[in-house]
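The values are calculated or read from the model by the stated rules, or taken from the named source; none is laboratory data. These numbers come from a predicted model, not from an experiment. Don't worry about glycine lacking a Cβ; one is built from the backbone with ideal geometry, like all the others, and counts go over all protein chains shown. SASA here: full protein model, heavy atoms, side chains in, ligands and nucleic acids out. Shrake-Rupley method; radii C 1.70, N 1.55, O 1.52, S 1.80 Å.
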Amino acid sequence: MMNQDLKFNLKHIWHPYDSMTKPLPCYMISYAHGVHLKLKNGIKIIDGMSSWWSTIHGYNHPRLNIALKNQIDKMSHIMFGGIIHSPAIKLCKKLISILPKKLECIFLADSGSVSIEIAMKIALQYWYSLNKNKKVFLTIRNGYHGDTFSAMSVCDPKNSLHNLYHKFLPKNLFAHAPKSSFMNTWNHNDINSFLNLLINNKSIIAAVILEPIVQGIGGMKFYHPEYLKQIKFLCNEHKIPLIIDEIATGFGRTGKMFAYQHANIIPDILCLGKALTGGTMTLSAIITTRKIANVISNNEPYKLMHGPTFMGNPLACAVACENISILQEGTWKIQIFNIEKQLKQELLPLINNSYVLDIRILGGIAVVECKYSVNLKLIQKFFVRHGVWIRPFQKLIYLTPPYIIDTFSLTKLTRAIKYAIHNKLLFIK
Ligand SMILES: Cc1ncc(COP(=O)(O)O)c(C=O)c1O
């Protein structure tokens, strides 16, 4: 029997990427702690997703909770126009301390997608200020940058969540995605498609925008650092700003604090989100070079025309600050190293399964690419029955567990994937 709350949910509440008439099953979670989610019936399941890359230190982290509690009695929110507060100052100082010197002008925004909008506005306004008509963005196939309009316009136009909307969006340029993977040798031909588009359109390109190393929802592919290195070189050569979207990869997930560090480059505009607050609240940050900020700011009477109501929210800033303090203590490096090692040991042998096409593991990310799409409704139920929370999409079953996960819990996650792969009924052939 479905309880009243679930019935209400079914009738009235939209869920991400879902239907109001034929929604996917939904689970009521009453409590979350560490790596555990507690279902309404009292059963605990192990979280393999970190709430979409965000709860890196686990749920209900005592230090993050204290940071929130300490701040809430001072002020949970105050407008940012004409006002500054200590949580924002402390957070921005912290961000500057963990970023390359060149990145020093910070805009605090609401969510990952909004940060992409702002980064793209910054690039457009930069060229407008220089009196140049550069309005097009260059990116690569298989990318994903969020669900708002400009963000959707740089998501893969076919192979993404947003192909339906592409006819309504501004037209941007898409190079072939690189074939050289992170683990394999670099094929120098991989840069050709990007290079051709850049050379043929450089007079109209406002910026290049990329996810660094890991392409997330667009296919969970890990590309070769040399690709990013060469792109940065070309951007420098042609004086085109490079926007790096670290919303999913930032804060240690790939084994480096930021994934662009695998390629030893420095972005011109950087977007952070998701794990910025340790997954407790929504907050994003766009960080630019002084040069970009000055060009925009010196073109009077224009200013950067963006200012969300909840900009620099003190609660979010306070908890983000504590999140970065935890990361600065460095335990995450050992945690990610151990997670990667265990994921490799336990998942790589699956490559021999006839339903498996590829297995990719990098830092705290594991991807099992199947030959067939999963039946999300069935596989979700299957995973919950096996005591884990894993939410695959299309042909991809993936894990991004909290960094604090213990070996036993991680084995429960990988074992559940193994059982799922052996259950042919969970796939749509
Ligand atoms: C790489 C990347 N960029 C942007 C976004 C959008 O962030 P948000 O969901 O906070 O709007 C996401 C979300 O999954 C992402 O993975």
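Between LYS40 and ASN196, residue separation times 0.36 nm minus the direct Cα-Cα distance comes to 50.7 nm.
Between GLU329 and ARG290, the FRET efficiency from the beta-carbon distance, with R0 = 35 Å, is close to 0.75. What the phi angles of segment 271-277 give under the Karplus curve with 6.51, -1.76 and 1.60, with θ = phi - 60°, is a coupling list of 10, 10, x, 6, 6, 3, 9 Hz, glycine and proline written as x.
Of LYS93/LYS135; LYS381/LYS412; LYS274/LYS412; LYS11/LYS418; LYS344/LYS395; LYS171/LYS429, which pairs sit farther than 23 Å apart, going by alpha carbon to alpha carbon? Display every interim value, and only then the final one.
Numbers: LYS93/LYS135 32 Å; LYS381/LYS412 16 Å; LYS274/LYS412 25 Å; LYS11/LYS418 35 Å; LYS344/LYS395 20 Å; LYS171/LYS429 34 Å.
Beyond 23 Å between Cα atoms: LYS93/LYS135; LYS274/LYS412; LYS11/LYS418; LYS171/LYS429.
Can you bin segment 19-158 into rounded, prolate or oblate? Criterion: square roots of the alpha carbon gyration tensor eigenvalues sorted a ≥ b ≥ c, rounded for a/c under 1.5, prolate for a/b above b/c, oblate for the rest. Note, shape of segment 19-158 comes out oblate. Within straight-line reach of LYS377, meaning a Cα separation under 19 Å, sit the following aspartates and glutamates at least 8 residues removed in sequence or on another chain: ASP18, ASP47, GLU369.
Could you list, in their original order, any pairs among LYS101/LYS333; LYS102/LYS341; LYS291/LYS333; LYS38/LYS94; LYS94/LYS256; LYS94/LYS232 whose Cα atoms are separated by more than 27 Å?
Values: LYS101/LYS333 22 Å; LYS102/LYS341 34 Å; LYS291/LYS333 33 Å; LYS38/LYS94 34 Å; LYS94/LYS256 17 Å; LYS94/LYS232 25 Å.
The pairs that break the limit, which is 27 Å between Cα atoms, are LYS102/LYS341; LYS291/LYS333; LYS38/LYS94.
Note on MET20 and SER203: the model spin-label points, each 7 Å out from Cα along the C-beta direction, lie 4.8 nm apart. Given their separation in residues at 0.36 nm each and the Cα-Cα distance between them, ASN338 and ASN159 gain 61.2 nm when the chain is fully extended. PRE reach from LYS377 (point 7 Å along Cα→Cβ): which of segment 414-429 fall under 19 Å by backbone N? Hits in segment 414-429 for LYS377 at 19 Å: 424-429.
Compute the length gained on full extension between LEU10 and HIS77: take 0.36 nm times their separation in residues and subtract their Cα-Cα distance, giving the result in nm to one decimal.
Length difference between fully extended and current span is 20.9 nm.
Reported to the nearest whole Å, the Cα centre-to-centre distance from segment 357-409 to segment 243-275 is 23.
Where is the GNM fluctuation largest for the chain (alpha-carbon springs, 10 angstrom cutoff): ASN298, ASN338, ASN201? Answer for the Gaussian network model of the chain: ASN298.
Using the heavy atoms of the protein chains and a 1.4 angstrom probe, tell me the accessible area per residue for the chain in square angstrom.
Numbers: 19790 Å² over 429 residues.
With the other protein chains kept in place, the chain gives 46 Å² per residue.
Listed by chain and number, the aspartates and glutamates whose alpha-carbon sits under 18 Å from that of LYS74, ignoring those within fewer than 8 places in the same chain, are GLU322.
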